[in-house]
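Chemist: Below is one structure. I have some questions about it.
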Amino acid sequence: MDKLKLVKTIVFILTFLLVFGSLMLIGTLFKKTKTLPRLPKEVNLQEPIGSRISDLQTKENLLYLTIRDGGLADRIIIFDTITGQKVSTIYLNQREQ
């Protein structure tokens, strides 16, 4: 009788962990897909012709764009997705002129 009670307890605990883990996974996936930034319909970064975006990162409402080429040094543009404005530009390497 004690073995049956032990098996029932183990099955109950494993079922609880399975359901709890599944809910945590679904919640995490929903949270990650929900927090994508909303950009305005049109954005002009006012970068020179020939510039290209080599990397893109997001954090909260900020968009970090790594820009290369275009006759300027490599740079990171910090863009606010709520206001649709460029917050700052960080130059990574100075090119010789």
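Chemist: Answer yes if at least one residue in region 4-25 is exposed (fewer than 10 other Cβ atoms within 10 Å of the Cβ) and at pLDDT below 85, and no otherwise.
Modeler: Checked region 4-25: no residue is exposed (fewer than 10 other Cβ atoms within 10 Å of the Cβ) and at pLDDT below 85.
Chemist: From the residues in region 61-78 that are touching a residue at least 24 places away in the same chain (Cβ under 8 Å) and part of a loop (DSSP other than H, G, I, E, B), which one is farthest from Tyr91 (Cα to Cα)?
Modeler: For region 61-78, the residue satisfying everything is Asn61.
Chemist: Residue check: is Ile53 surrounded by 10 or more Cβ atoms within 10 Å (Cβ to Cβ) and modelled with pLDDT under 80? Before you say what the answer is, go through the steps one by one.
Modeler: Values: surrounded by 10 or more Cβ atoms within 10 Å (Cβ to Cβ): yes; modelled with pLDDT under 80: no.
Considered against the rule, which asks whether it is surrounded by 10 or more Cβ atoms within 10 Å (Cβ to Cβ) and modelled with pLDDT under 80, Ile53 comes out as no.
The values are calculated or read from the model by the stated rules, or taken from the named source; none is laboratory data. Predicted, not measured: the structure shown is a model, and the values here were computed from it. Because the Cβ atoms are built from the backbone with ideal geometry, glycine has one as well, and the counts that use them run over all protein chains shown.
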